[in-house]
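The structure appears below as structure tokens.
The values are calculated or read from the model by the stated rules, or taken from the named source; none is laboratory data. All values reported here derive from a predicted model rather than from experimental measurement. As a convention, Cβ positions derive from the backbone with ideal geometry for all residues, glycine included, and neighbour counts pool all protein chains shown. SASA here: full protein model, heavy atoms, side chains in, ligands and nucleic acids out. Shrake-Rupley method; radii C 1.70, N 1.55, O 1.52, S 1.80 Å.
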Amino acid sequence: SAWTNDATAGITGDWNFKSAANLGSGNAVINGVTFVGAGVVANPSGTNYTTAGLGNVFTGDTNNLTGGGGGSAVLANAFNYGGPTETVTFSGLVIGRQYVANFYSVAFETGVRNQTISDGVGGTTTINQDLFNDNNGLRLTYTYTATATTRAFTFTAQGAGSWHNYGFANRQDF
């Protein structure tokens, strides 16, 4: 889905979030949900998540979200990248419960930056990170049932450009 501001972030503070991370510095509050700032570091980790393959940091990104205000402007200011394979692992899950993960990115150019996303249990999909064209936001939403206490999502570049990970949130679905 297109991510253009807080209203299109696909989240609300009424839900039970296991983790919400801003891969830039400082917290970003979107619709009552605090995305905790990871501190602009390579391969950040925090409450109920770890990452791998995100060894590079890009700060001060200017795009169509950063000028719009709100928490989305804060979240869209910096990203981690690396590739060709990057992983976000959520932890603290309860087996048998349903969860919803959101991943936030912004197109870095107009063109094709295909990424294959694996859900860690055999499901995959491929998406063009530049789907909405240069400087426009993208939100990936994935609903899953925990089959273990952790779930790893892997992003694999299908060409030269790696996934730009601005932040993510994982919540329990009731």
| field | Cβ-based net charge around Ala152, under 12 Å, with every Lys or Arg adding one and every Asp or Glu removing one | value | -1
| said: How large is the accessible surface of Thr110 in square angstrom, using a 1.4 angstrom probe and rounding to the nearest 10? | reply: 90 Å²
| Heavy atoms of Asp134: accessible area, 1.4 Å probe, square angstrom to 10 | 60 Å²
| Taking R0 as 25 Å, what's the FRET efficiency between Ile95 and Ser45 from their Cβ-Cβ distance, rounded to 0.05? | 0.70
| request: Report the one residue of Phe58, Gly13, Ala76 whose Cα lies farthest in the direction of the positive end of the charge dipole of the chain (charges on C-beta: Lys and Arg +1, Asp and Glu -1; origin at the Cα centre). | output: Gly13
| field | Distance between segment 131-174 and segment 10-37 - C-alpha centres, whole angstrom | value | 15 Å
| note | Here D for segment 126-169, in µm²/s, from Stokes-Einstein with a Kirkwood Rh over Cα pairs at 20 °C and 1.002 mPa s, works out to 168 µm²/s
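Figure the gain on full extension for Asn133 and Phe174 (residue separation times 0.36 nm, minus the Cα-Cα span) and round it to one decimal in nm.
Here the segment from Asn133 to Phe174 would lengthen by 11.4 nm.
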| query | P(r) of segment 96-169 in 5 Å steps, Cα pairs, percent per bin? | reply | 3, 15, 27, 25, 15, 9, 5, 1, 0
| task | Using the 2.2 N^0.38 Å rule of thumb for compact globular proteins, work out how the chain stacks up: its C-alpha Rg over that value, please. | result | 0.93
| request: Count neighbours as other Cβ atoms within 10 Å of each site's Cβ, and list the trypsin sites (Lys or Arg not before Pro) in segment 70-174 that are DSSP loop with at most 15 such neighbours. | output: Arg97
| query | Over segment 1-55, what lengths in whole Å, largest first, do the semi-axes of the equivalent ellipsoid take, defined as the square roots of 5 times the eigenvalues of the alpha-carbon gyration tensor? | reply | 21, 13, 11
